[in-house]
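Computed from the coordinates by the stated procedures, all read-outs in this text should not be read as laboratory data. The shown structure was predicted, so the numbers you read here are calculated from the model rather than taken from an experiment. Note that we place each Cβ from the backbone using ideal geometry, even for glycine, and neighbour counts take in every protein chain shown.
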Amino acid sequence: MTLARLAPLLLGLAFSAPCSAAGGRELVAALRGVLQEDHVDVRDAVWIIETSGLKVDDVVGGLARVLPGLPAASAVEAEYMLGRIGPRAAPAAPALLERLVASRDLDVRYEAVRALGRVGTAATPAVPAIAAAAGEADSDMRTAVAEALGRIDPAGALSAATLGRLCGDAEEAVRAACARASRPLRDR
């Protein structure tokens, strides 16, 4: 999939009815070609999209539009890409929240939590669902929950209570993420 195919896909999404799963997978595949490096950070992802002649808002809107209908593997990729875009992906927060709440797939929920955390404070409405994910048996999920809550609203009552529980977790990685997330509270 090339960049030349991505712009028409985004344009088609802007003016079409809900996208089919095949169309959504095609969009995700095209974006994968643009954001192909695993180490791309938020600044780089936005820069890559913009210097490719695309508008970040169009990419975010396209991903948000196709996300509800994507199969699990493509949803994980789309969520990852939204997380790489960071705060500029805020318009996709409702779609990410929907996948977090509705999916039975752990990988989809995990990546939704991570992406919501990277969106930042605009994802505040997702805090109850993210906090609920702290009860997952998977320690990677609990780590992602601590990181997300620390980025979104560490001082909020629900976030602080959840972080307080996670700071006593049996897994060292969860406790470390909780300590990093709680640092802004201690520094006040």
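Each residue of the range 86-91 is assigned a 3J(HN,Hα), and the resulting list reads x, x, 6, 8, 3, x Hz, derived from the Karplus form 6.51 cos²θ - 1.76 cosθ + 1.60 (θ = phi - 60°), x at Gly and Pro. Gain on full extension, evaluated as 0.36 nm per residue between LYS55 and ALA137 minus their Cα-Cα distance, stands at 25.6 nm. Relative contact order for the range 121-188: 33 percent, from Cα pairs under 8 Å spaced at least 6 residues apart, divided by residue count.
Taking all Cα pairs closer than 8 Å and separated by 6 or more residues, the relative contact order of the range 59-123 comes to 39 percent.
Taking other C-beta atoms within 10 Å as the exposure proxy, TYR80, TYR110 rank TYR80, TYR110 from fewest upward.
Computed FRET efficiency, Cβ-Cβ of ARG165 and TRP47, R0 41 Å: what is it to the nearest 0.05? Using R0 = 41 Å, I get an efficiency of 0.60. Available extension along the chain between LEU158 and THR121 is 11.9 nm, counting 0.36 nm per residue and deducting the alpha carbon span. Annotation: the residues VAL60, VAL145, sorted from fewest to most other C-beta atoms within 10 Å of their own C-beta, follow the order VAL60, VAL145.
Rg and Dmax, both from the Cα atoms of the range 46-148 and both in Å, are 12.8, 43.
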